[in-house]
1. Need the full-extension length gain, GLN272 to LYS194, defined as separation in residues times 0.36 nm minus the C-alpha distance. One decimal, nm.
2. I need HIS190, HIS115 ordered by Cβ neighbour count within 10 Å, fewest first.
3. Counting C-alpha atoms alone, how compact is the chain: give Rg to one decimal and Dmax as a whole number, in angstrom.
4. How far apart, in nm, are the 7 Å Cα→Cβ label points at ASP36 and SER394?
5. Let me know the charge dipole size of the chain about its Cα centre in debye, to the nearest 20, where only the beta-carbon of Lys, Arg (+1) and Asp, Glu (-1) is charged.
6. First obtain the Kirkwood hydrodynamic radius of the stretch 331-486 from its Cα pairs, then insert it into the Stokes-Einstein equation at 10 °C and 1.306 mPa s, and state the resulting D in µm² per second as a whole number.
7. Over the C-alpha atoms of the stretch 406-486, what are the Rg and the largest Cα-to-Cα span, Dmax, in Å?
8. Give the Rg (one decimal place) followed by the Dmax (whole number) of the stretch 50-173, computed from C-alpha coordinates and expressed in Å.
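Please treat every number below as a calculation from the coordinates, not as lab data. Bear in mind that the values here come from a model prediction, so they are computed numbers and not experimental data. Reconstructed Cβ throughout: ideal geometry from the backbone, glycine too, with neighbour counts over all protein chains shown.
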Amino acid sequence: MQRRVTLATLAAALAVVAATTTSAHGATAGTLTSQDLATAGTGSPYYRIPALTKTRQGTLIAAYDARPTLADLPSNIGVVVRRSTDGGSTWQAQQVVRKDPAPNGYGDPSLLVDHDTGRIFLFYAAGVNQGFFGSATGNDESDPDVLQADYSYSDDDGLTWKHERITADIKNPAWGGMFAASGEGIQLRHGTYKGRLIQQYAIRNNGANYAVSAYSDDHGATWKMGTPVGPGGDENKTVELSDGRVMLNNRSAPYRTVAYSSDGGVTYTPFQQDTELPDPANNGSIARFAPGVDASHPRASWLMFSNTATSSGRSNLTVRLSCDNGQDWPVRKTVEAGSAAYSTLTPLSDGTGANPRIGLLWERDNYQHITYSSFDLQWLGGVCAPVTVTPPASLKAGATSEVAVRVVSQNDVKLPAGSVSLQLPAGYSAPAVAVPALDPGQGATVKVPVTVPATATAGSVKATADYQVRGRQHAYGDTTLTLTTP
């Protein structure tokens, strides 16, 4: 049996060797840097719900709730932001975007940048008497029992904000609660729906929860709502794939669920589990690694993902990289093994080059802090290089046979020469075999001689090909070897 696995993870026992160079964002290559942007009790009793984006002018904006308690709406919550104009090294003072006297509240922010106009949208829910579960049906924008759909927008790079209410435009009157899924929305960069703005919502209909996309094709002048997908929807994010589809990634336990749209987020396929992404039903994040590159670019199919990667409890915040539009999530690294909750990822550059950085805003230490971190590819310690293993039809005990291993580079920079070795059961032997340097998109097939011990009995054994490059980055491919007696 042959299995093609696009694994590219750094073995847990191997340490990442940090370089001594410094990136444009002031961070040492190969490192994760972190700083707290908000701490409970300083300026507000509590802070929750991180959102993060990079503006067209290159400013980083972090948004989150300032809360009197940890409770969701209805509560006298306000939405605040901090700005960084130096790539996340330093942050300006906290700024209130929306706050009114009790019983009014505004919460669960999501940022979205229109890269054509430069306008920044900040979506959130607005509540008076009710939250998501108690909200009345209908879409009367003056009804205090209806959870409202509001957003603020800025045309001066996040310095000042104006407010809009779009409940009547996007809420089906039959629905109960509805709120913008926090984090970051997207703008489609390619294809038929290029320029479309998409913000995710969770809605409640007849006692069940659904996910749905609100979208605008006129730079936010008007908004429409797509068709809900579910039941089983919750806080969710979308990402544009290199083939033009939109993937929806949804909060769900014990695994994340995904759905796909071929019409720019209007309709989606039914949910299906992604068993590579364990989840305790916590808000996560998904984003293109290099959002602006063309579909032919080697990194067009790279996706980033973050969540608390456990099926129970909110801990083990992990970031992952997919090299194939989310079919596999092989590159993974733990940011925080302990208490953590919501997180939002955003690229800090165009995603090309040898070692671009990614920004991450997340909830740390049992909701005591909103923390900003950044990291690069070297810190992740993986390489996008699918490994395909093709064994012979059978191997004989006491004999040597060749196993073909093919490695294909999905990088946009040249990979130096590396090696392939086979991980085999005790008693088997196979030398490491050199793999030549690979240009972007280039592949190489090498033959690894495998000697089977004479005492081996007929049957099947597992073998794993380990492609190693730069001394610290690995990609793996699994196969099954079938043994026959002499």
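1. Working: separation 78, 0.36 × 78 = 28.08 nm, distance 2.65 nm.
Extra length available between GLN272 and LYS194 comes to 25.4 nm.
2. Details: HIS190 18, HIS115 15.
Lowest count first: HIS115, HIS190.
3. Cα only, the chain: 24.3, 84 Å (Rg, Dmax).
4. 6.6 nm
5. On the way: 38 positive and 42 negative charges, 274 e Å.
Approximately 1320 debye in magnitude.
6. On the way: Rh = 18.1 Å.
The diffusion coefficient I find is 88 µm²/s.
7. Taking only Cα atoms of the stretch 406-486, I get Rg and Dmax of 14.6, 47 Å.
8. Answer for the stretch 50-173, Rg first and Dmax second: 14.9, 45 Å.
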